[in-house]
1. Only one of S224, S148 is farther than 27 Å from G39 by Cβ, open to solvent by 60 Å² or more (accessible area, probe 1.4 Å) and touching a Phe, Trp or Tyr at 6+ places or on another chain (Cβ under 8 Å); which?
2. Just name the residue that is nearest to A149 (Cα to Cα) out of those in the stretch 184-218 that are of a type outside the set (V, I, T), within 16 Å of the ligand (Cβ to nearest atom) and open to solvent by 10 Å² or more (accessible area, probe 1.4 Å).
3. Given the options I82, I89, name the one that is more than 13 Å from the ligand (Cβ to nearest atom), buried (at least 22 other Cβ atoms within 10 Å of the Cβ) and over 18 Å from the mean Cα position of the chain (by Cα).
4. Any idea which of A139, A114, A103 is open to solvent by less than 20 Å² (accessible area, probe 1.4 Å) and either closer than 20 Å to L180 by Cα or within 16 Å of the ligand (Cβ to nearest atom) (or both)?
5. Restricting to the stretch 47-69, count the residues that are part of a loop (DSSP other than H, G, I, E, B), under 13 Å from G104 (Cα atoms) and either free of Cβ contacts under 8 Å to residues at least 60 places away in the same chain or of a type outside the set (V, I, T) (or both).
Amino acid sequence: MVLPAPLPVLVPVSGGGVFPVRRIYCVGRNYAEHAREMGHDDREPPFFFDKPADAILTGGAAMPYPTQTYDLHHEIELVVAIGRDGADIGEGEALDHVFGYAAGLDMTRRDLQAEAKKAGRPWTFAKGFDHSAPLGDIAPAAQIGHPSAGTITLTVNGVLRQTGDLADQIWSPAEAIAFLSRHVRLKAGDLIMTGTPAGVAAVQRGDRLEGVIAGVGTVSTTIS
Ligand code: MN
């Protein structure tokens, strides 16, 4: 090696151990009410973007307010942690590939995303920037099962901003896994952020973000 190898990205697992992260895939517009608030209406095939694994923040670590934006938004999301490799996975077998679930935040430079959309350009700087993925501990499916319903909420400084129910996802985790695995080979260590409910809005330095997904876990950070 001509350089030191990058350190592995490790997410704590509730009950013990750590989950090594390989890639982060994200589903866009996966709750109808959020799709509408972003100006879309119809049920379209799912689409994906990604974040670098080292964008993850764990343990409630503070998130530095990023450069190059005046409109940093929160998006609370159910995160699926893949535990078994597979390509072309059928919906019926998809959940067998899941190690567990977590609550996560898909932090977004909304102003850069709007510019990218307008210009037909990629969302890399809008979504894939440093520290853009605060994540809670991963709860093993062996302990919590595979949640298909339950409230998902985000408060900022104690005030409710986002609320929804996992049952209102347009594409279920099993459907997202099946679709994604037809395009890329999923590997143990991959994470899938499964989209956000309505209520996305801007945060400022000093804001305290606390997300809760019933039956799954929590995620928190403070913008610094
Ligand atoms: Mn999102």
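1. Details: S148 fails: touching a Phe, Trp or Tyr at 6+ places or on another chain (Cβ under 8 Å).
Selected residue: S224, the only one of S224, S148 that is farther than 27 Å from G39 by Cβ, open to solvent by 60 Å² or more (accessible area, probe 1.4 Å) and touching a Phe, Trp or Tyr at 6+ places or on another chain (Cβ under 8 Å).
2. Let us first name the residues in the stretch 184-218 that are of a type outside the set (V, I, T), namely 185-191, 193, 195, 197-199, 201-202, 204-211, 214-215, 217.
In the following step, the residues that additionally are within 16 Å of the ligand (Cβ to nearest atom) were identified as 191, 193, 195, 197-199, 201-202, 209, 211.
Still in the running and open to solvent by 10 Å² or more (accessible area, probe 1.4 Å): 198-199, 201-202.
Numbers: A198: 16, G199: 19, A201: 24, A202: 27 Å.
It comes out as A198.
3. Working: I82 fails: over 18 Å from the mean Cα position of the chain (by Cα).
Of the residues listed, the single one that is more than 13 Å from the ligand (Cβ to nearest atom), buried (at least 22 other Cβ atoms within 10 Å of the Cβ) and over 18 Å from the mean Cα position of the chain (by Cα) is I89.
4. Numbers: A139 fails: either closer than 20 Å to L180 by Cα or within 16 Å of the ligand (Cβ to nearest atom) (or both); A114 fails: open to solvent by less than 20 Å² (accessible area, probe 1.4 Å).
None of the other options fit; the residue is A103.
5. Taking the stretch 47-69 first, the residues part of a loop (DSSP other than H, G, I, E, B) are 47, 52, 58-62, 64-69.
Filter once more, keeping what is under 13 Å from G104 (Cα atoms): 58-61.
The next check asks that each one be either free of Cβ contacts under 8 Å to residues at least 60 places away in the same chain or of a type outside the set (V, I, T) (or both); those that pass are 59-61.
Residues that pass the stated criteria total 3.
The values are calculated or read from the model by the stated rules, or taken from the named source; none is laboratory data. These figures come from a predicted structure and were not determined experimentally. Backbone-built Cβ (ideal geometry, glycine too); neighbour counts: all protein chains shown. With ligands, DNA and RNA removed, areas are computed over all heavy atoms of the protein, side chains included. Shrake-Rupley method; radii C 1.70, N 1.55, O 1.52, S 1.80 Å.
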